[in-house]
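Following: one structure in structure tokens, then a few remarks.
The values are calculated or read from the model by the stated rules, or taken from the named source; none is laboratory data. Everything numeric in this text was worked out from a predicted model, so none of it was measured. Cβ coordinates were reconstructed from backbone atoms using ideal geometry, including for glycine residues, and neighbour counts include every protein chain displayed.
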Amino acid sequence: TTSSPHSVKLKTSGAGNWCSRFRSKSLSLMFSGALALGLSLSGVGLAEAKVGVNKPELLPKEFTSVIDVAGFLSDGQEKRIAEEINDLEKDTGFKLRVLAQNYHVTP
């Protein structure tokens, strides 16, 4: 086989792939920016600020590491979590408290 001195083989795989990836990333970035701008201008995700509640009467009379004001936990779950917290406090020296609450009904 003879090759002509005027024939040039272009290696496009590296440059072509780079261009394609760059174009794809640019397009993705543009769409992400447009989506973020659209969501921010539409008001999606806006929520009213929660006002602090102070109801110490909801706190238990006796000390406990698990306070379930909302009633989410069964007695067994509450006991198991309290035992885990007790072991963790012994092992690490850190204090931990768990509060399960529904807003407005919170200590």
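Take the conditions modelled with pLDDT under 80, of a type outside the set (S, T, N, Q), under 32 Å from the mean Cα position of the chain (by Cα) and assigned to a loop (DSSP other than H, G, I, E, B) and apply them to residue 70. Does it pass?
no
Kindly provide the set of residues from segment 53-67 that are part of a loop (DSSP other than H, G, I, E, B), touching a residue at least 24 places away in the same chain (Cβ under 8 Å) and among the hydrophobic types (A, V, I, L, M, F, W, C), ordered by number.
Matches in segment 53-67: 53, 59.
List every residue pair whose Cβ atoms sit under 8 Å apart, with the two residues 6 or more apart in sequence or on different chains, where the first one lies in segment 69-95 and is surrounded by 10 or more Cβ atoms within 10 Å (Cβ to Cβ) and the second, anywhere, is part of a loop (DSSP other than H, G, I, E, B) and of a type in the set (A, V, I, L, M, F, W, C).
81/73; 85/96; 88/94; 88/96; 89/96
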